[in-house]
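Notes follow once the structure below has been shown.
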Amino acid sequence: KSYLILNAHVRIDWLKLAKKEKNFNKILHVVIIPEWNEPAHILRQTISHLAKQDLPLNKLIVVLGTEAWDKNAKNTFEQLNSEFGKLFKKFILHR
């Protein structure tokens, strides 16, 4: 059943529907990616898929949410920020 629902939703032009909303041009979208000690290649794949969305990327804020004790978080963020940071409205590290 879930597969059928997912397939039905994939076929909907969500951007077309969203553009009908009042003040659509003022709406920003925030995607929070919670992670702890996740390999950079996995996060890169996730962010790469976000960058391929049909939503205008200047309306998308991406937040990489990490744990304070994740020693690699800052380095991982800096690496991903250099690759993807300029694509989005904002690309933020939150610890």
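Beta carbons closer than 9 Å, at least 6 apart along the sequence or on distinct chains, pair a first residue in the range 1-21 that is within 24 Å of Lys59 (Cβ to Cβ) with a second that is outside any helix (DSSP H, G or I) and charged (D, E, K, R) for Asp13/Asp54; Trp14/Asp54; Leu15/Asp54. Being within 30 Å of Asp13 (Cβ to Cβ), at pLDDT 95 or above, touching a Gly at 6+ places or on another chain (Cβ under 7 Å) and of a type in the set (Phe, Trp, Tyr), is that true of even one residue in the range 69-86? No, because not a single residue in the range 69-86 is within 30 Å of Asp13 (Cβ to Cβ), at pLDDT 95 or above, touching a Gly at 6+ places or on another chain (Cβ under 7 Å) and of a type in the set (Phe, Trp, Tyr). In a residue-by-residue description of the range 52-59, the property of being free of Cβ contacts under 8 Å to residues at least 24 places away in the same chain and more than 27 Å from Leu93 (Cα to Cα) applies to no position. Of the helices (runs of 4 or more DSSP H) that lie entirely inside the chain, not one contains 3 or more residues that are open to solvent by less than 30 Å² (accessible area, probe 1.4 Å) and charged (D, E, K, R). Scanning the range 22-45 for residues that are in contact (Cβ under 8 Å) with a residue 12 or more places away in the chain and more than 15 Å from Leu93 (Cα to Cα) gives Ile27, Leu28, His29.
The values are calculated or read from the model by the stated rules, or taken from the named source; none is laboratory data. Just so we're clear, the structure is a prediction, and the values are computed from it rather than from any experiment. Don't worry about glycine lacking a Cβ; one is built from the backbone with ideal geometry, like all the others, and counts go over all protein chains shown. Heads up: the accessible areas ignore ligands, DNA and RNA and are worked out on the full protein's heavy atoms, side chains in. Shrake-Rupley method; radii C 1.70, N 1.55, O 1.52, S 1.80 Å.
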